[in-house]
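Accompanying notes for the structure given below.
The values are calculated or read from the model by the stated rules, or taken from the named source; none is laboratory data. Just so you know, these numbers come straight off a predicted model, no measurement behind them. Cβ placement follows ideal geometry from the backbone for every residue including glycine, while neighbour counts extend to all protein chains displayed. Calculation scope for accessible area: heavy atoms of the full protein, side chains included, ligands and nucleic acids excluded. Shrake-Rupley method; radii C 1.70, N 1.55, O 1.52, S 1.80 Å.
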Amino acid sequence: MGVNNVKLTENYRFNTRVIHEGQKPEEWEGATLPPIYQSASHVHATAENLSRTFAGKTKDHIYMRLTNPTNRVLEEKISSLEGGMGAVTMSSGMAAVTNACMALLRSGDEFVTGNSLFMSTYLLFANIFKKYGITARFVESSDMDALKNAINDKTRFIYLETIGNPKMDVPDLGIAGKIAHEHGLPLLVDNTLASPYLCRPIEQGADVVIHSTTKYLSGHGAATGGMVIDSGKFPWNGDRFPDFKPFIDRKGDLAYMDKVWREHHINFGTTQAPFHSYLTMIGIDTLALRMERHLENTSKVAQFLKARPEVKWINYAGLEDHPSHNTATRLFNRKGYGAMISFGLKDQEECFRFINSLRLIYHLANLGDCKSLVIHPFSSQYISFDKEKKAALSITPDMIRLSVGIEAYEDIREDLEQALDRLNE
Ligand SMILES: Cc1ncc(COP(=O)(O)O)c(C=O)c1O
């Protein structure tokens, strides 16, 4: 568990902090990146010290499944960039989603969630949690009245994604945070699609931030990873959280982070490989620069697609007629609207012909890479979903999902153009 008590660069701007936050070359023999501590366990000089460390009285490391020095650098860095107080890195974004929620849930509990969710998160909430007697109440992500009305005595948290996929809708995190806090509940936000460059949910009112670091934070598609970040501000001593007492006693403001780490991360074995943390850190160095290009390219691609007759509809909050346009403009401080677009062609057959004609853009199941990526979700990631579930999640046969990369815009446009032209042959 990384506790963010080092803010070496707090006086610098975000684009500088993204590179320099957490840097300690003086502790790394002058190296500009931390060593990869590829060791399953750590030697302790005395029995007394190991005992004290097990009791949580030192910051020393014991065993990789618990903590690791390389991982800790990444935890402190991302925690600070998100304005958090502590963080735990995990083996994947889904490990982070699972642990962040499980730490709050007991059999019989409920939570309220937007319905615009990453596919595996949806399956976890709708199917897996259900097996353990936990109910996810799904509401339209941007409908704050529905969110409020779904809260009851059994609710333990509210869950949203900053940019929902594939509708690319942007819920008002400020209002959601207010509703949550009025009911004594924490707001959990998956900030993967925005990244801390575009949005820092804790500043808007969130209490917990979740990331798949596999996406924009890494940017190179070379490592999977996840992160749970605790704002350290939520009062866990409220009526709804009697099970938090031992964690409050042990860690005070970081009670939630301690619960995530001690109860779930350690015992579920969702360990992050230090090499993946190292690769993620290399990626983060260029986050701000990459995001600038991602956002600029995406805005141009959306305008290009809008003008093409083959494109029947577009989901991208940067377009003025998108229902989330005003909220996203405010929330993202006019920096951009994310780098994901979903759009409709005539039907599935046209989608397949379009994808098969692309020359530059990769056809694969990922997003947030520096390379442009495309997929037909209906026939791939969602293939096992029944008709009703696909419709409820707005996964239609005519939909293409595009993750816009940082290549030269003209090359992305020309590739899209020639693939769209082929539909008319
Ligand atoms: C919003 C969001 N959250 C979580 C995940 C899961 O991340 P991972 O693939 O690293 O487990 C994804 C993956 O695409 C995602 O898009």
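When both residues are 6+ apart or on different chains and their Cβ atoms are under 6 Å apart, which pairs have a first residue that lies in the range 388-414 and is of a type in the set (A, V, I, L, M), and a second that is surrounded by 17 or more Cβ atoms within 10 Å (Cβ to Cβ) and part of a loop (DSSP other than H, G, I, E, B)?
Ile395/Tyr382; Val404/Ala339; Val404/Ser372; Ile406/Cys370; Ile412/Ser372
State all residues of the range 306-320 that are among the aliphatic types (A, V, I, L, M), part of a loop (DSSP other than H, G, I, E, B) and surrounded by 14 or more Cβ atoms within 10 Å (Cβ to Cβ); if no residue qualifies, say none. Working first, answer last.
Narrowing the range 306-320 to residues among the aliphatic types (A, V, I, L, M): 307, 311, 314, 317, 319.
The next check asks that each one be part of a loop (DSSP other than H, G, I, E, B); those that pass are 307, 311, 317, 319.
Across the range 306-320, the qualifying residues are Val311, Ala317, Leu319.
Residues that are modelled with pLDDT of 95 or more, part of a loop (DSSP other than H, G, I, E, B) and within 16 Å of the ligand (Cβ to nearest atom): does the range 273-284 have at least one? It would help to see each step written out before you state the result.
We begin by selecting, within the range 273-284, every residue modelled with pLDDT of 95 or more; these are 273-284.
Next, only the ones that are part of a loop (DSSP other than H, G, I, E, B) stay: 273.
Checking which are within 16 Å of the ligand (Cβ to nearest atom) leaves us with 273.
Checking the range 273-284: at least one residue is modelled with pLDDT of 95 or more, part of a loop (DSSP other than H, G, I, E, B) and within 16 Å of the ligand (Cβ to nearest atom).
List, please: which pairs have Cβ atoms under 8 Å, are six or more places apart or on different chains, and start with a residue in the range 115-137 that is farther than 24 Å from Asn149 by Cβ and touching a residue at least 40 places away in the same chain (Cβ under 8 Å) and end with one that is within 16 Å of the ligand (Cβ to nearest atom) and open to solvent by 30 Å² or more (accessible area, probe 1.4 Å)?
That search, which allows pairs on different chains as well, returns Met119/Gln381.
For the range 128-170, name all the residues that are within 19 Å of Phe378 (Cβ to Cβ) and among the polar types (S, T, N, Q).
Pass one, the range 128-170, residues within 19 Å of Phe378 (Cβ to Cβ): 164-169.
Within the range 128-170, Asn165 is the sole residue that qualifies.
(1) more than 16 Å from the ligand (Cβ to nearest atom); (2) out of contact with any His (no Cβ under 7 Å at 6 or more places or on another chain); (3) closer than 29 Å to Phe14 by Cβ; (4) of a type outside the set (S, T, N, Q): which one isn't true of Pro69, the others all being true?
It is condition (2) that Pro69 fails.
Looking at the range 62-69, can you tell me whether even one residue there is in contact with a Pro (Cβ under 7 Å, 6 or more places away or on another chain), open to solvent by less than 70 Å² (accessible area, probe 1.4 Å) and under 21 Å from Lys259 (Cβ atoms)?
Checked the range 62-69: at least one residue is in contact with a Pro (Cβ under 7 Å, 6 or more places away or on another chain), open to solvent by less than 70 Å² (accessible area, probe 1.4 Å) and under 21 Å from Lys259 (Cβ atoms).
Within the range 356-369, can you find the residues that are of a type in the set (A, V, I, L, M, F, W, C) and either out of contact with any helix residue (DSSP H, G or I) (no Cβ under 8 Å at 6 or more places or on another chain) or within 16 Å of the ligand (Cβ to nearest atom) (or both)? Even if it seems obvious, please write down each step before you answer.
Pass one, the range 356-369, residues of a type in the set (A, V, I, L, M, F, W, C): 358, 360-361, 364-365, 367.
Once the filter is applied, which keeps residues that are of a type in the set (A, V, I, L, M, F, W, C) and either out of contact with any helix residue (DSSP H, G or I) (no Cβ under 8 Å at 6 or more places or on another chain) or within 16 Å of the ligand (Cβ to nearest atom) (or both), the range 356-369 yields Leu364, Ala365, Leu367.
From Thr32, Thr16, Thr98, grab the single residue that is free of Cβ contacts under 8 Å to residues at least 12 places away in the same chain and part of a helix (DSSP H, G or I).
On the way: Thr32 fails: part of a helix (DSSP H, G or I); Thr98 fails: free of Cβ contacts under 8 Å to residues at least 12 places away in the same chain.
It is Thr16.
If you scan the range 196-246, which residues turn out to be within 14 Å of the ligand (Cβ to nearest atom), open to solvent by 10 Å² or more (accessible area, probe 1.4 Å) and among the hydroxyl-bearing types (Ser, Thr, Tyr)?
Those that are within 14 Å of the ligand (Cβ to nearest atom), open to solvent by 10 Å² or more (accessible area, probe 1.4 Å) and among the hydroxyl-bearing types (Ser, Thr, Tyr): Ser212, Thr214, Thr224.
Only one of these is touching a strand residue (DSSP E or B) at 6+ places or on another chain (Cβ under 9 Å) and outside any strand (DSSP E or B): Lys77, Lys57. Name it.
Working: Lys57 fails: touching a strand residue (DSSP E or B) at 6+ places or on another chain (Cβ under 9 Å).
The match here is Lys77.
Need pairs with beta-carbon distance below 9 Å; first residue closer than 21 Å to Thr224 by Cα and open to solvent by 10 Å² or more (accessible area, probe 1.4 Å) and within the range 180-193, second more than 16 Å from the ligand (Cβ to nearest atom) and small (Gly, Ala, Ser); sequence gap 6+ or separate chains.
So the pair list comes out empty.
Among the listed residues Leu373, Leu416, which satisfies the condition of being under 21 Å from Arg290 (Cβ atoms) and in contact with a strand residue (DSSP E or B) (Cβ under 6 Å, 6 or more places away or on another chain)?
Numbers: Leu416 fails: in contact with a strand residue (DSSP E or B) (Cβ under 6 Å, 6 or more places away or on another chain).
Being under 21 Å from Arg290 (Cβ atoms) and in contact with a strand residue (DSSP E or B) (Cβ under 6 Å, 6 or more places away or on another chain) holds for just one of Leu373, Leu416, which is Leu373.
Condition first: out of contact with any Ser or Thr (no Cβ under 7 Å at 6 or more places or on another chain), more than 16 Å from the ligand (Cβ to nearest atom), at positive phi and not polar (S, T, N, Q). Can you find one or more residues in the range 36-59 that meet it?
yes
Could we say that Phe378 is free of Cβ contacts under 8 Å to residues at least 40 places away in the same chain and either buried (at least 21 other Cβ atoms within 10 Å of the Cβ) or of a type in the set (A, V, I, L, M, F, W, C) (or both) here?
Details: free of Cβ contacts under 8 Å to residues at least 40 places away in the same chain: yes; either buried (at least 21 other Cβ atoms within 10 Å of the Cβ) or of a type in the set (A, V, I, L, M, F, W, C) (or both): yes.
Yes.
Give His294, His264 a once-over and let me know the one that is in a helix (DSSP H, G or I), over 30 Å from Val404 (Cα atoms) and at pLDDT 95 or above. Give the derivation first.
Numbers: His294 fails: over 30 Å from Val404 (Cα atoms).
Matching residue, one of His294, His264: His264.
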